[in-house]
1. Mind checking the full-extension length gain between His26 and Ser137? Use 0.36 nm per residue of separation minus the Cα-Cα distance, one decimal, nm.
2. If you split all Cα-Cα distances of region 19-161 into 5 Å bins from zero, what percentages do you get per bin, shortest first?
3. Does anything in region 219-251 have its amide N under 20 Å from the 7 Å Cα→Cβ label point of Arg180, and if so which residues?
4. Above 17 angstrom, tally the Cα pairs of region 35-75 and express them as a % of all pairs, no decimals.
5. What FRET efficiency, computed as 1/(1 + (r/R0)^6) with R0 = 22 Å and r the Cβ-Cβ distance, is obtained for His233 and Glu205, rounded to the nearest 0.05?
6. Compute the projected area of the convex hull of the Cα atoms of region 107-265, averaged over all viewing directions, and report it in nm² to one decimal place.
7. Can you give the extra length, in nm with one decimal, that the chain gains between Ala154 and Gln255 once fully stretched, where that is 0.36 nm per residue apart less the Cα-Cα distance?
Amino acid sequence: MTRKLLGLMAAALLAPMPAFAMEVIHGEILQGWVLPDGNRMAAIRMTVKPGWKTYWRAPGDMGIPPSFDWSGSRNLSAVAVEWPAPTVFRETNLTTIGYKDQVVLPLRITVPEKGAPVTMNTTIDLGVCSDICVPASLELSGVINTTTTRADPAIAASLAQRPYSAKEARVSDVTCTIGRTGEDLTLDAAITVPPSGGQELVVIETGNPDLWVSEADTTRKGNTLHARVDVGHVSGGPVALNRSHIRMTVLGSNQAVDIVGCNAG
């Protein structure tokens, strides 16, 4: 808990440096293609300067996860970000999760008026880090009006880098044992899955933005991966967990695995 909260507080207290951040990270919209159901696959490509990185949706000990504001867009009712598997950056007493150099974030766009162009206006608040960490904001706009149904190679390559599903990775059992320490909870997950390679890390998300989750203490015994986290409310209130909403991502050197939901332990 302490490390997680201190990391988030440190990130939040950093003074914005928009001019400097613009020199560090660049974003652009990729047109993509029309899906068989008439909706669209597009993407945002973000490029950071050498030596810098930006963050995944769960950034680790210290980092600012990207947040997207699509207001001002037209012919767009919903956007799902298809996250490619991130990299785990391990430093002394600090683990962060994200991307370096360049990342393409595929966007599955729900279009109310099929066949019509999509006017996309988005603000992305995120963080970039090197020796220092800087909050940044990207404002991107463009009209997506392609009529092609052929997949864009850059977006298709990023989609191929998504974590495997539990079925694809041959996950045979997932249990979550929930305990209590004062107002906070502990969650112990046991995942029966073949090794993902190297020093594995399990990232646990609750699906509730009002809850914080500590970095997982991850260990493996044979074919079972164990992960333990503390879970608390950001305002110190009571904590409740829904096992069907718990999302666990196994990050290894050879592959990543995305698991949604767990059974009672």
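1. So the chain would gain 38.9 nm between His26 and Ser137.
2. In order of increasing distance, the bins hold 2, 10, 20, 22, 18, 13, 9, 4, 2, 1, 0 percent.
3. Counting backbone N atoms under 20 Å from the label point, the list is 229-244.
4. 56 percent
5. Once rounded, the FRET efficiency stands at 0.90.
6. Averaging across all directions leaves 13.2 nm² for the Cα convex hull.
7. 34.4 nm
Read-outs: derived from the displayed coordinates by stated rules, not from any lab. Just so we're clear, the structure is a prediction, and the values are computed from it rather than from any experiment. Please note: Cβ atoms are built from the backbone with ideal geometry, for glycine as well, and neighbour counts cover all protein chains shown.
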